[in-house]
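Peer 1: Have a look at this one.
The values are calculated or read from the model by the stated rules, or taken from the named source; none is laboratory data. Note that the coordinates shown come from a computational prediction; the quantities given were computed from them, not determined experimentally. Methodologically, a virtual Cβ is constructed for each residue, glycine included, from the backbone with ideal geometry; neighbour enumeration extends over all protein chains shown. All accessible areas refer to the heavy atoms of the entire protein, side chains included, with ligands and DNA or RNA removed. Shrake-Rupley method; radii C 1.70, N 1.55, O 1.52, S 1.80 Å.
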Amino acid sequence: GIVQDAVDAARAVNEAGVVNIDCQPRNVMVELGSLRPVHIDFGNRVFAEEAGEELFEEVKEQRDNQGAIGMVMVTKLRVAAGVQL
């Protein structure tokens, strides 16, 4: 659930018009009580309104924020804990 929530949050950020160029699990914190993932560190990002729609869509596809979060987290869980998602 945490991995899917992190992927969903990355998608929501993209839909809000932001691509995080450094979208990695190291930039996601999990709140202790709720176990809700929170994306941090948007220092290196592209805004849709600044880039224009065509360039923004190209960058969004190239960076694949959802895959950058999801695939890395899934791989780390498999290697570290033997958990297969």
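Peer 1: Checking Ala6 against (1) open to solvent by less than 80 Å² (accessible area, probe 1.4 Å); (2) out of contact with any strand residue (DSSP E or B) (no Cβ under 6 Å at 6 or more places or on another chain), which test does it fail?
Peer 2: Unmet for Ala6, out of (1) open to solvent by less than 80 Å² (accessible area, probe 1.4 Å); (2) out of contact with any strand residue (DSSP E or B) (no Cβ under 6 Å at 6 or more places or on another chain): (2).
Peer 1: Mind listing just one residue for me: the one in region 36-54 that is open to solvent by 90 Å² or more (accessible area, probe 1.4 Å) and touching a residue at least 12 places away in the same chain (Cβ under 8 Å) and, of those, nearest to Asp5 (Cα to Cα)?
Peer 2: My answer is Arg36.
Peer 1: Are any of the residues in region 10-18 in contact (Cβ under 8 Å) with a residue 12 or more places away in the chain, closer than 19 Å to Leu77 by Cβ and open to solvent by less than 60 Å² (accessible area, probe 1.4 Å)? So that I can check it myself, show each step before the final result.
Peer 2: Let us first name the residues in region 10-18 that are in contact (Cβ under 8 Å) with a residue 12 or more places away in the chain, namely 10-11, 13-14, 17-18.
Among the residues that remain, those that are also closer than 19 Å to Leu77 by Cβ are: 10.
The next check asks that each one be open to solvent by less than 60 Å² (accessible area, probe 1.4 Å); those that pass are 10.
Yes, region 10-18 contains a residue that is in contact (Cβ under 8 Å) with a residue 12 or more places away in the chain, closer than 19 Å to Leu77 by Cβ and open to solvent by less than 60 Å² (accessible area, probe 1.4 Å).
Peer 1: Now, a different point. Considering region 38-79 alone, what residues qualify as being among the small types (Gly, Ala, Ser) and assigned to a loop (DSSP other than H, G, I, E, B)? Working first, answer last.
Peer 2: Going residue by residue through region 38-79, those that are among the small types (Gly, Ala, Ser) are 43, 48, 51-52, 67-68, 70.
Gly43, Gly52, listed by residue number.
Peer 1: Looking at Val46, Val38, Val19, Val13, which one is within 10 Å of the chain's Cα centre (by Cα), farther than 10 Å from Asn65 by Cα and of a type outside the set (Lys, Arg)?
Peer 2: Val38
Peer 1: OK, next. Output the number of residues of region 19-35 satisfying the condition of being crowded, with 16+ Cβ neighbours inside 10 Å and assigned to a loop (DSSP other than H, G, I, E, B).
Peer 2: Within region 19-35, residues that are crowded, with 16+ Cβ neighbours inside 10 Å and assigned to a loop (DSSP other than H, G, I, E, B) number 1.
Peer 1: On to the next question. Looking only at region 10-18, decide whether some residue is touching a Leu at 6+ places or on another chain (Cβ under 9 Å) and in a strand (DSSP E or B).
Peer 2: No: region 10-18 contains no residue that is touching a Leu at 6+ places or on another chain (Cβ under 9 Å) and in a strand (DSSP E or B).
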